[in-house]
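Structure first, then comments.
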Amino acid sequence: FAPQYHTFKGLSMEEVIESVLLGLEQGAKEARTDGKSIKAKLIVCIGREAEAEFGVQVAKAALAYQDKGVVALDLACYEPPFPPERHKQAFELTFDSKLYRTVHAGEMMGSDEENLRNIYVALSDLRADGLGHAIPLWRRTYEGNDLIVMVREKGVRVEANPVSNQFLKFIKNPQDLHLDLLLKEDVLVTVSSDDPAMWPTGTLADNLYVVAELYGIDVAKQVTINGILSAFGLNNDEKKEYIKLWM
């Protein structure tokens, strides 16, 4: 979530982050059922329309809570006028920190080439550990760079959002994402809901249903496991525990 949108009535970004962390802690306790625990970690996002100097402030606020539940810095929102490098300085602050980095890139541009270009910048300049959308990644090549190889070698997770992408008309059909091809290339594909409150069938379950219909239940299960394997803020033992509990 982007704390910058929650400060209009006087709260500081730090106060907003602390409030959300408290809510996550309370929600995780209330949601525990049948001996199965839930852990919630926070990704602090920069709304990319913000000026670069403000993005640095967001990054500093995230860094202040890197040992208190914040696990990553993100970049999201309207992509075309605001390329990833606009907030390179903010992301550079995290390079020697505990925070992971994830970037929404390759979703909204007017051509595959422009989308691939933003994916490349996210990987090379912002050192993304995760990519949101990355719709044309299956096309793989940007100016001689094999983006799939970059993603695979860096262990970058790719969050696909089929319902959101189709609803917003960035794709015609979910198969346009070619998730089966990416999985065959050993890309760590996960499925996410994007903004579930904004479309009538946008929950995580809805997205997994679309994937299962298109590729089969085994693929839906694999992207769910990938989501656990690539979860920021969990150690390997915790990941194994959650796969055992939930799968």
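The values are calculated or read from the model by the stated rules, or taken from the named source; none is laboratory data. Nothing here was measured: the structure is a model prediction, and the numbers come from that model. Neighbour counts are summed over all protein chains in view; Cβ atoms, including those assigned to glycine, are modelled from backbone coordinates with ideal geometry. Only protein heavy atoms, including side chains, enter the accessible area calculation; ligands, DNA and RNA are left aside. Shrake-Rupley method; radii C 1.70, N 1.55, O 1.52, S 1.80 Å.
Observations on the structure shown:
- TRP246 accessible area, assembled protein chains, probe 1.4 Å, Å²: 120
- Other residues whose C-beta falls under 15 angstrom from the C-beta of GLU25 contribute a net charge of +2, scoring Lys and Arg +1 and Asp and Glu -1.
- Radius 14 Å from Cβ of LYS154, net charge of other residues (Lys, Arg +1; Asp, Glu -1): -2
- Neighbourhood net charge (15 Å Cβ-Cβ; Lys/Arg +1, Asp/Glu -1) for ALA128: 0
- Under 5 Å from the amide H of ASP129 lie the amide H atoms of ARG101, THR102, each residue being 5 or more positions distant or on a separate chain, with H modelled from the backbone and absent for Pro and chain starts.
- Residues GLU114 and ALA197, FRET efficiency given R0 of 30 Å [Cβ-Cβ distance, rounded to 0.05]: 0.60
- DSSP bridge orientation in the range 1-154 - percent antiparallel, rounded to nearest 5: 20
- For GLU153, the solvent-accessible surface with a 1.4 Å probe is about 150 Å², rounded to the nearest 10.
- Beta bridges by DSSP in the range 28-104, antiparallel share as percent, to the nearest 5: 10
- Taking the helices alone, the chain has a mean residue ellipticity at 222 nm of -12500 deg cm²/dmol, built from -39,500 (n - 2.57) per DSSP H run of at least 4 residues and averaged over all its residues.
- Extension gain for LYS29 to MET247 (0.36 nm times residue separation, less C-alpha to C-alpha distance): 76.4 nm.
- Whole-number percent relative contact order across the chain, with pairs defined as alpha carbons under 8 Å at least 6 apart: 12
- Option label - Cα extents along the principal axes in Å computed here, alternatives (i) 47, 44, 35; (ii) 58, 44, 34; (iii) 52, 39, 37: (i)
- The chain, accessible surface, carbon-and-sulfur percent (1.4 angstrom probe): 51
- On a per residue basis, the chain carries 51 Å² of accessible surface, using protein heavy atoms and a 1.4 Å probe.
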